[in-house]
1. Within the chain, which whole H helices from DSSP have a Cα span along their axis of at least 18 Å and a mean Kyte-Doolittle hydropathy of 0.0 or more, if any?
2. Given a 10 angstrom Cα cut-off, can you work out which residue in Met54, Met69, Met99 is the most mobile in a GNM of the chain?
3. Mind checking which of Ile81, Ile63, Ile20 has the largest fluctuation in a GNM of the chain, springs on alpha carbons under 10 Å?
4. Stretch Met23-Arg98 to full length: gain in nm at 0.36 nm per residue minus the Cα-Cα span?
5. Report the FRET efficiency, 1/(1 + (r/R0)^6), for Asn68 and Thr43, where r is their Cβ-Cβ distance and R0 is 25 Å, rounded to 0.05.
6. For the chain, what does the accessible surface come to per residue with a 1.4 Å probe? Please give it in Å².
7. Taking only Cα atoms and a 10 Å spring cutoff, compute GNM fluctuations for the chain and point out the largest among Lys95, Lys114, Lys32.
8. Which percent of the accessible heavy-atom area of the chain goes to carbon and sulfur, probe 1.4 angstrom?
Amino acid sequence: MTLKVQILIGIILILVLGAILNMVRKRQLELKYVLAWLFCDLTLLFFDCFPDTMIIVAGFLGIYSPVNMIFFLGFVFSLIIIFSLTVALSRVTAKVRRMAQMMALENYQMENEKEISGTDKQKNLTEQK
């Protein structure tokens, strides 16, 4: 990997890391969802700063070019992030479903109580006459 590519990738990774940390600081993103992004960014930054380690790992995995190793890691990390977001979305969907069911039961109970109290009022009115 040429020095220009290494510097360019390093600058991009540092900018992305700064943007992520700024969004966490402003509470635009929750830390539990950002951890996968931070791990990916820091791992890629490590391999960018120490290309010899990346060459060793790439050789072990049978990848011929270190730049291809970076793109491969980006692909793998993207899959990890997509999976973690899918898990989070499934949890939120289940919570929303439970909440909707609870609200429906509460509304049903309130309507039944209104009907019961309405029939009691009618009985009292007919008894008074």
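1. Length and hydropathy pass: 3-25, 31-49, 66-128.
2. Of Met54, Met69, Met99, the most mobile in the Gaussian network model is Met99.
3. It is Ile63.
4. 24.0 nm
5. 0.95
6. Solvent-accessible surface per residue comes out at 80 Å².
7. Highest fluctuation of the listed residues: Lys114.
8. 69 percent
The values are calculated or read from the model by the stated rules, or taken from the named source; none is laboratory data. Worth saying up front: this structure is predicted, and the values here are computed from it rather than measured. Cβ sites come from the backbone with ideal geometry, for glycine too, and all protein chains shown count toward neighbours. Quick note on the areas: whole protein, heavy atoms, side chains included, nothing else; ligands and nucleic acids left out. Shrake-Rupley method; radii C 1.70, N 1.55, O 1.52, S 1.80 Å.
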